[in-house]
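J.: Structure below; questions to follow.
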Amino acid sequence: AYVPVSTTQPTSRQQKIFNTAEIRLVLCNQPLFEDSQFEFISSLLAMDLKPLAEPVKVDNKSLAYIIFTSGSTGEPKGVEISHQAALNTIVDICQRYHIDNSSCALAVSSLDFDLSVFDIFGLLGVGGRLVLISDEERRDAASWLQLIFEHDVCVWNSVPILLDMLLVVATHDTRTLPLKTVLLSGDWIGLDLPVRLAQCCGKLPKLVAMGGATEGSIWSNAFDVTLPLPEQWSSIPYG
């Protein structure tokens, strides 16, 4: 199982996650943990490692990942997801929304947020492509726009505010966004987003309002959004 830990989290929160999950090995892209309190943890630089010769066989009920949320108390709470549970969601979404080896997504969701699970294992699992962004680009919507056109990104998966940021810069660009499937979840979706998305894409792509607790293996409900929106709506329905 893997446990994603953000490098931007406070040291105290990292410490609690390491202790709770009994982490002993960290895979990173630069040396970490100069602080003496992390001496019990070994670290490996990802680029120094060679790929496995073949996949490792695991029991489908064993842990795939643990993602730590704040929980109702504000303390880190580890949510354990099995391979079977995660795969069930991923396979269903890929089949339902035609994610295949021609699909390409932009990885705007951080690794310690469970939307990234679909980005990685959903897209790569069907032979698609995933465009990674640097830490410097993580909140730079102009760079996202450039990457979308450069790599012909057709799948977008994020919280609504990140799509809002993209559309702000896309509105001032004369090019048509190549997005074909847009998955939004994790927060309230404003009524303006579908209209603005349609304007930037030439027409409304497949837009799905999704939701569900982390315990539900990424998502547990979905609502396909179409235009025009009913006048009585105050927001996009949840579930």
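Bear in mind that the values in this text are calculations on the coordinates, not laboratory data. Just so it is clear, the structure is predicted and the values come from calculations on it, not from any experiment. For neighbour counting, all protein chains shown are included, and Cβ atoms are generated from backbone atoms with ideal geometry for every residue, glycine included.
J.: In the range 113-239, if every C-alpha pair distance is counted and binned at 5 Å from zero, what percent goes to each bin?
T.: 2, 10, 20, 24, 21, 15, 6, 1, 0
J.: What distance in nm lies between label points placed 7 Å from Cα along the C-beta direction at LYS203 and ASP187?
T.: Spacing of the two 7 Å Cα→Cβ label points: 3.0 nm.
J.: For the range 54-68, what does the Karplus curve 6.51 cos²θ - 1.76 cosθ + 1.60, with θ = phi - 60°, yield as ³J(HN,Hα) per residue in whole Hz, taken in order and with x for Gly and Pro?
T.: Rounded to whole hertz, the list is 7, x, 8, 7, 10, 5, 5, 9, 7, 5, 9, 7, 10, 10, 8.
J.: Once the dipole of the chain is set up with Lys and Arg at +1 and Asp and Glu at -1 on Cβ about the Cα centre, which of THR8, VAL117, CYS94 lies farthest towards its positive end?
T.: The residue sitting most towards the positive pole is CYS94.
J.: Report the net charge of residues surrounding TYR2, where surrounding means a beta-carbon distance below 15 angstrom and charges are Lys +1, Arg +1, Asp -1, Glu -1.
T.: -4
J.: Suppose R0 equals 30 Å. What FRET efficiency, 1/(1 + (r/R0)^6) with r the Cβ-Cβ distance, do ASN101 and ASN19 give to the nearest 0.05? Intermediate results must be reported in sequence, preceding the final value.
T.: Working: r = 41 Å, r/R0 = 1.37.
Efficiency, rounded to the nearest 0.05: 0.15.
J.: Which ³J(HN,Hα) values in Hz, rounded to whole numbers, follow from the phi angles of the range 189-204 under the Karplus curve 6.51 cos²θ - 1.76 cosθ + 1.60, where θ = phi - 60° and Gly and Pro get x?
T.: 10, x, 5, 7, 4, x, 5, 5, 5, 4, 5, 7, 9, x, 7, 6
J.: What are the lysines whose alpha-carbon lies under 18 Å from the alpha-carbon of LYS203, with same-chain residues fewer than 8 places away excluded?
T.: LYS180
J.: Give me the one-decimal nm value for the distance between modelled label points at SER6 and VAL58, 7 Å along each residue's Cα-to-Cβ direction.
T.: 2.3 nm
J.: Shifting gears a bit: Tell me, in nm to one decimal, what length is gained between LEU45 and THR174 on full extension, where the rule is 0.36 nm per residue of separation less the Cα-Cα distance?
T.: Contour length minus the Cα-Cα distance gives 42.3 nm.
J.: Let me ask another. Percent antiparallel among DSSP beta bridges with both residues in the chain, to the nearest 5?
T.: Working: 11 of 28 bridges.
Among the beta bridges of the chain, antiparallel pairing accounts for roughly 40 percent.
J.: What are the aspartates and glutamates whose alpha-carbon lies under 18 Å from the alpha-carbon of LYS16, with same-chain residues fewer than 8 places away excluded?
T.: Filter leaves GLU34, ASP35, GLU39, GLU75, GLU80, ASP112.
J.: Now, a different point. Per DSSP H run of n ≥ 4, the term is -39500 (n - 2.57); total these for the chain, divide by its residue number, and report the mean residue ellipticity at 222 nm rounded to 500 deg cm²/dmol.
T.: On the way: 5 runs with 57 residues, N = 239.
About -7500 deg cm²/dmol.
J.: Follow-up question, since we're still on this one. Who wins for biggest fluctuation among ALA142, ALA209, ALA107 in a Gaussian network model of the chain, springs between alpha carbons below 10 Å?
T.: ALA142
J.: For ASN221 and ARG139 in one chain, what is 0.36 nm times their gap in residues minus the Cα-Cα distance, to one decimal in nm?
T.: Net length gain for the segment: 26.8 nm.
J.: Per residue, how big is the convex hull around the C-alpha atoms of the chain? Give it to me in cubic angstrom, could you? Write down the numbers at each step before the final one.
T.: Working: hull volume 34.8 nm³, N = 239.
Here the figure is 145 Å³ per residue.
J.: Give a quick list of chymotrypsin sites (Phe, Trp or Tyr not before Pro) in the range 138-239 that DSSP marks as loop, anything other than H, G, I, E or B, with at most 15 other Cβ atoms within 10 Å.
T.: TRP188, TRP233, TYR238
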